[in-house]
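Notes for the one structure printed next.
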Amino acid sequence: MRRFVRDANPLVLLAIGTLAIVASLAVRDLQTACLALGAYAVAGVVLLPSPRFALARFGAIAVASVSLVWSTWWLGGRDLEVALTAGLRIVVLALPGAVLAAYVDPSKLADQLGQRLRLPARPVVAFAAAMQRFGALRETWGQLDRTRRARGFGPTRSPLSRVRHAVSLAFALLVSALRDATRMSVAMDARGFASAQRRTWAEPAPWSRADSALLALGVALAAVPWLVR
Amino acid sequence: MTGSVAFRGFGWRPLGRRTPVVAGLDLRVDPGERVLLAGPSGAGKSTVLRAAAGVLETTGDGDALGEVTTIGRVGMLLQNPGDAVVAERLGRDVAFGLENARVAPAAIWPRVRDALRAVRLPYGMQHPTSALSGGELQRSALAGVLASQADLLLLDEPTSMLDDVNADAVRRCVAEVVAETGATLVVVEHRIAPWLPHVDRVVVLGHDGSVVADIDPVSFVATLRDDLAGVGVWMPGVAAPEPVEPPVVLVETDRAVPRLDALALGVDLRRTDIRGATVTAALRDVDAALESRAVTVLSGPSGAGKSTLLEVVGGLRRPGAGEVRGLGRPPHRIGSRDLAALIGWVPQNPEHGFLTTRVRDEIAATSRRIGVPVDVDAVLVHLRLDHLADANPYRLSGGEQRRLALGAALAHRPPVLLLDEPTVGQDRGTWAAVTGWMRAAAGADAVIGAASHDADLAARADRVVPLEGGRNVAPGPAPAPAPVDDAR
């Protein structure tokens, strides 16, 4: 059961994420919000290889959600139900996509985009190559953090200093990612990518029955808030 | 058919540099030749290779002069093995060049399998590339080159970031591949000796990128040995240079740290990726003593935990178990500024350490931050970077960047110096300057710790702490300098 998502067609995973945005449009009140979120949560617990990972992603989205609840409550007539609904709507909108995107295998996605959807090969391949570098960002972050600390440019205990430090690190990370991208494009061009206007694909882009089933489930989940109105 | 490349009056000036890195280069490499390209740091060796591969413009803007004619399919290996990875799975990564060459899918996989076998990678097609070590990554990149049936192999310091065992494996694979396919080979490397048996021609570039020698390997060693060692090239049969110490005012510290003791350190490294977290034990119950007035080298193969130990000792990583004594408090609890006044840490990858956009500012940054006056010009002169004082750190060559990172980390004269692979990829001149800095600081009462697999550096150390697999191992016999006839 849990292999289901891991082996799923990346297009299906992205479709479910996008359908969640459609679902969020139907979230009008606390009841629909809870039902929609509950449906996604049940599906997640049953199907996801690691529900703990989904919880971690939820943490990031919760920050956005809480700030939205607060500002809606403060500015929108201090109505708690309206505020909570707005907050939960964001969770419905973002969480399924944020969790499922993590299970997308970049090469498989490129295969599907290039062969099934027939998008232009070069941008698709470049995108996939960039995507598989995501994991390295965390290590670079650690490196940048350590050098700054060793050279006296680390944060002090004050929260403001920590925030400023994080912003500076994020910028440095961005710059370093751009430089990595340059070196990577040298490597790719040196492997014949520069002149590959048309190219072949080493692996096929299959669509299985399980993919159809998963897509149907995604449609059903997105329909929940629309149907209970 | 095998490849060839010809340079006619070739020159290259990167944007923002007043002088070209290469000027007026005339060089022909004929089909089937195996050429070693040597020269001091900053001589433009990488530039020449990139021009031959037709990817010079991809690396950044600049003015190109003359012409470069490349015939045949190009395969390139870069210095940093991670740069070439384009896919999450090994098989797909090796297949990349074949896809670009529009090989039919059915024909791709047998060639990928053959290539992986030729470079002796024992993994399946689904093996994640993120789980490969540096040496294995270089061999998988070589497999990619091999699978694409490249006619012209361009290798840019492919082994400089690897330890001896891995470097040896990569060299052997390259030699086998070239012997089998008859491909043309151009290799750039600081460690010349191990390559000499595999090439039939040696081209030496001077400081301005012009050809100063073009000769067969045997006469090369016989006639040019001492001349080239003099301009900084590591030559077989020439012992490591004497360390060149900077003026004592550049290293004299006014704080005293008598010793640092690492006691029963344990560190788990957590790698989180999409499919969950993997925890590897980087250090297990490791003890190390770093004394002042002494250079202590942490030695061992890659993956031994040398860098992690250095980071824990320097308060840059919190140990999971054990403690570090000697700075009054656990080092990882000391605030950044106070820590900077106590330690100088030279990271292995210099790129991630730069904070400013000018070489001069980079040297002065930490001193200014903690309020210590420093003679920036004298530091630049010792590191032979004085002509680049106003350049952007990111536009320097690999060797120059490493020198700058060293100066930036140590110019404020901390009493504890921690250096991570400080001699990797350095020419003789820089080697002498870097080891000289360590010796001089030791003479001025500092505590010096260096993580390194450089046998010549270990030979100049006062103490060696050998590590393997994250544990202390019994110290071997006193470190001997690498045998002279195979020094580099």
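We did not get these values from a lab; they are worked out from the coordinates using the rules stated. Not measured: the values here are computed from a predicted model. Because the Cβ atoms are built from the backbone with ideal geometry, glycine has one as well, and the counts that use them run over all protein chains shown.
List of remarks:
- Placed amide H near B:GLU468: partners under 5 Å, 5+ positions off or other chain: B:VAL473
- Rounded to the nearest 20, the size of the Cβ-charge dipole of chain A about its Cα centre is 720 debye, with Lys and Arg at +1 and Asp and Glu at -1.
- The fraction of all Cα pairs in the stretch B:85-127 landing in successive 10 Å bins from 0 to the largest distance is 30, 60, 10, given as whole percents.
- Averaged over the residues of peptide A:102-111, the number of Cβ atoms from other protein chains lying within 10 Å of each residue's Cβ is 3.
- Cα-Cα P(r), the stretch B:126-256, percent of pairs per 5 Å interval: 2, 8, 16, 17, 15, 14, 10, 7, 5, 3, 2, 1, 0
- Hull shadow area, averaged, the stretch B:1-102 [alpha-carbon convex hull, nm²]: 7.9
- Against the empirical curve 2.2 N^0.38 Å, the C-alpha radius of gyration of the protein assembly as shown lands at a ratio of 1.04.
- Label-to-label distance, nm, for residues given as B:ARG172 and B:ARG325 (7 Å Cα→Cβ offset): 4.5
- Annotation for the stretch A:1-59: trypsin sites (Lys or Arg not before Pro) lying in DSSP loop with at most 10 further Cβ atoms inside 10 Å of their Cβ do not exist.
- Percentage relative contact order, chain B, counting C-alpha pairs under 8 Å, at least six apart: 18
- Annotation note: trypsin sites (Lys or Arg not before Pro) in the stretch B:104-151 located in DSSP loop regions with a Cβ neighbour count of at most 16 within 10 Å are B:ARG120.
- Size-normalised alpha-carbon gyration radius of the stretch B:297-373, reference 2.2 N^0.38 Å: 1.25
- Amide H within-cut-off set for B:SER210, under 5 Å, with H built and near neighbours excluded: B:ALA23
- Volume per residue that the Cα convex hull of chain B spans, once the total is divided by residue count, Å³: 144
- Taking a point 7 Å out from the Cα of B:ALA256 in the direction of its Cβ, the residues of the stretch B:291-331 whose backbone N falls within less than 13 Å of it are B:292-293.
- Whole-number percent relative contact order across the stretch B:134-251, with pairs defined as alpha carbons under 8 Å at least 6 apart: 19
- Sorted largest first, the principal axis extents computed over the alpha-carbon atoms of the stretch A:1-152 equal 52, 50, 31 Å.
- Based on the convex hull around the alpha carbon atoms, the stretch B:132-186 presents an average projected area of 3.4 nm².
- Structural size metrics of the stretch B:196-305, computed from C-alpha coordinates, are Rg and Dmax of 23.0, 58 Å.
- Descending semi-axes in whole angstrom, ellipsoid equivalent of the stretch B:391-453, from the Cα gyration tensor: 20, 13, 10
- Across the stretch A:140-156, computed HN-Hα scalar couplings (Karplus, 6.51 cos²θ - 1.76 cosθ + 1.60, θ = phi - 60°) run 4, 4, x, 4, 4, 4, 5, 5, 5, 4, 5, 9, x, 10, x, x, 8 Hz from first to last residue, x flagging Gly and Pro.
- Antiparallel bridges, percent of DSSP beta bridges restricted to the protein assembly as shown (to nearest 5): 50
- Computed E for B:ALA6/B:THR280 - FRET, C-beta separation, R0 45 angstrom, nearest 0.05: 0.40
- Only Lys, Arg (+1) and Asp, Glu (-1) charged, at Cβ; the stretch B:55-201 dipole about Cα centre in debye: 720
- Directionally averaged projected area (the stretch A:136-190, Cα convex hull): 4.0 nm².
- Extreme residue, positive dipole direction of the stretch A:136-190, given options A:VAL167, A:GLY152, A:TRP141 (C-beta unit charges): A:GLY152
- Of the trypsin sites (Lys or Arg not before Pro) found in the stretch B:1-101, those in coil by DSSP whose Cβ has at most 15 other Cβ atoms within 10 Å are B:ARG18.
- Each residue of the stretch A:73-88 was assigned a 3J(HN,Hα) from its phi angle through the Karplus expression (A = 6.51, B = -1.76, C = 1.60, θ = phi - 60°), giving 5, 5, 9, x, x, 6, 9, 5, 5, 4, 5, 5, 4, 4, x, 5 Hz with x at Gly and Pro.
- For the stretch B:456-466, 3J(HN,Hα) computed residue by residue from phi via the Karplus equation (6.51, -1.76, 1.60; θ = phi - 60°) reads 5, 5, 4, 5, 8, 7, 7, 9, 10, 10, x Hz, glycine and proline entered as x.
- FRET E, pair A:GLU81, A:ALA223, Förster distance 22 Å, beta-carbon r, rounded to 0.05: 0.40
- A cut-off of 5 Å between modelled amide H atoms, ignoring neighbours fewer than 5 places along the same chain, links B:LEU419 with B:VAL346, B:GLY449, B:ALA450, B:ALA451.
- Cα-based Rg / Dmax (Å) for the stretch B:283-424: 15.6, 46
- Taking Cα centre as origin and charging only the Cβ of basic (Lys, Arg, +1) and acidic (Asp, Glu, -1) residues, the dipole magnitude of the protein assembly as shown rounds to 2720 debye.
- Of all DSSP-defined beta bridges confined to chain B, some 50% are antiparallel rather than parallel.
- Centroid-to-centroid separation of the stretch A:112-165 and the stretch B:221-248 [C-alpha atoms, Å]: 41
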